[in-house]
Amino acid sequence: MFTVIVYLHVKREYLDIFIQATLDNAQNSQKEPGVIAFDMLQQQDDPTRLVLYETYRTAQAQLDHRETPHYLKWREAIADMFEEPRYAIKYNVLSPSEI
């Protein structure tokens, strides 16, 4: 298992559209067999800063996710909505059940 945390800074004028597109992507992503969790977080003191918190069963599941129709649709729809480029950090999951 591993988790990908994606950091996003969205232009204010696109915020509502971005959130709707991302919720649609997240809802469909949660149906993928390799996805354990797929959530969006919004920063309290700056709502234009969001985080995607994605946990996958395997590295291949994350690669498979990036080829799904809903991800490709999302990626195209949100391409020009950012104040700065989005970036991701990958983490290994360390929990009592995994050690």
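The values are calculated or read from the model by the stated rules, or taken from the named source; none is laboratory data. Keep in mind that what you see is a predicted model, and the values were worked out from it rather than measured. Here Cβ is always computed from backbone atoms with ideal geometry, including for glycine, and neighbour counts include all displayed protein chains.
Scanning the stretch 26-41 for residues that are in contact with a helix residue (DSSP H, G or I) (Cβ under 8 Å, 6 or more places away or on another chain), not in a helix (DSSP H, G or I) and not acidic (Asp, Glu) yields Pro33, Gly34, Val35, Phe38, Met40.
The set of residues in the stretch 11-43 that are polar (S, T, N, Q) and closer than 11 Å to His65 by Cα comprises Asn25, Asn28, Ser29, Gln30. Of the residues making up the stretch 49-78, those that are surrounded by 18 or more Cβ atoms within 10 Å (Cβ to Cβ) and not in a helix (DSSP H, G or I) are Leu50, Leu52, Glu54, Thr55, Tyr56, Ile78.
Within the stretch 1-25, the set of residues being free of Cβ contacts under 8 Å to residues at least 40 places away in the same chain and either outside any helix (DSSP H, G or I) or under 15 Å from Arg86 (Cβ atoms) (or both) comprises Leu15, Ile19.
The residue that is modelled with the lowest pLDDT, among those in the stretch 76-99 that are small (Gly, Ala, Ser) and more than 19 Å from Leu15 (Cβ to Cβ), is Ser97.
Of all residues in the stretch 79-91, those being part of a strand (DSSP E or B), within 22 Å of Phe18 (Cβ to Cβ) and not small (Gly, Ala, Ser) number 7. Residues in the stretch 18-35: is at least one closer than 23 Å to Met1 by Cβ, aliphatic (A, V, I, L, M), in contact with a Leu (Cβ under 7 Å, 6 or more places away or on another chain) and surrounded by 12 or more Cβ atoms within 10 Å (Cβ to Cβ)? There is no residue in the stretch 18-35 that is closer than 23 Å to Met1 by Cβ, aliphatic (A, V, I, L, M), in contact with a Leu (Cβ under 7 Å, 6 or more places away or on another chain) and surrounded by 12 or more Cβ atoms within 10 Å (Cβ to Cβ).
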